[in-house]
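Participant: Right, I'll just put the structure down here and ask away after.
The values are calculated or read from the model by the stated rules, or taken from the named source; none is laboratory data. Computed from a predicted model, the values in this text were never measured in an experiment. Methodologically, a virtual Cβ is constructed for each residue, glycine included, from the backbone with ideal geometry; neighbour enumeration extends over all protein chains shown. SASA here: full protein model, heavy atoms, side chains in, ligands and nucleic acids out. Shrake-Rupley method; radii C 1.70, N 1.55, O 1.52, S 1.80 Å.
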Amino acid sequence: MTGPSVTLDPVTHAVRGDLADVRLAEYVFAPHYAAPMLCRANRSITLNPLRTGGEPLADLPDGEPFEVLELAGDNAWGIAPERGLVGFVDRTALDPVEPITA
């Protein structure tokens, strides 16, 4: 990476002071980068901007995809790609999606 990082909205881009989506590596510097792990909601869940509390960003219905970048305690932080929103969800409400192999 050359030059300074750009400022991205953390509600729509998976970037925090300690971690960023690896797909943003050419735009921002972070101490750690994570590759997304595709999951699906196994029940209706709420996407929150904060680990605990905060005004919900969206309700994700059963079956909606969620790209997990961090698992911590009972929470998963990542991206709801169909909505373009980043936040925390209940990790027990997610099931991993098996990768397609050729």
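Participant: Take L94 and tell me if it is touching a Phe, Trp or Tyr at 6+ places or on another chain (Cβ under 7 Å), over 21 Å from R16 (Cα atoms) and open to solvent by less than 50 Å² (accessible area, probe 1.4 Å). Give the steps one after another, and end with the answer.
Facilitator: Values: touching a Phe, Trp or Tyr at 6+ places or on another chain (Cβ under 7 Å): yes; over 21 Å from R16 (Cα atoms): yes; open to solvent by less than 50 Å² (accessible area, probe 1.4 Å): yes.
Judged against the criteria, L94 is a match.
Participant: Listed residues T101, T92; which is modelled with pLDDT under 95 and hydroxyl-bearing (S, T, Y)?
Facilitator: Details: T92 fails: modelled with pLDDT under 95.
Among T101, T92, only T101 is modelled with pLDDT under 95 and hydroxyl-bearing (S, T, Y).
Participant: What number of residues in the range 80-98 are of a type outside the set (D, E, K, R), farther than 20 Å from L24 by Cα and either assigned to a strand (DSSP E or B) or touching a residue at least 60 places away in the same chain (Cβ under 8 Å) (or both)? Break it down into steps so the answer makes sense when it comes.
Facilitator: Going through the range 80-98, the residues of a type outside the set (D, E, K, R) turn out to be 80-81, 84-89, 92-94, 96-97.
From the residues that got through so far, the ones that are farther than 20 Å from L24 by Cα too are 89, 92-94, 96-97.
Going one step further and asking which of them are either assigned to a strand (DSSP E or B) or touching a residue at least 60 places away in the same chain (Cβ under 8 Å) (or both), we end up with 89, 94, 96.
Number of matching residues: 3.
Participant: Is there a residue being polar (S, T, N, Q) and modelled with pLDDT under 95 anywhere in the range 27-45? Break it down into steps so the answer makes sense when it comes.
Facilitator: Step one: list which residues in the range 27-45 are polar (S, T, N, Q), which gives 42, 44.
From the residues that got through so far, the ones that are modelled with pLDDT under 95 too are none.
Looking through the range 27-45, none of the residues is polar (S, T, N, Q) and modelled with pLDDT under 95.
Participant: Quick check: anything in the range 46-67 farther than 18 Å from P81 by Cβ and of a type in the set (F, W, Y)?
Facilitator: Within the range 46-67, not a single residue is farther than 18 Å from P81 by Cβ and of a type in the set (F, W, Y).
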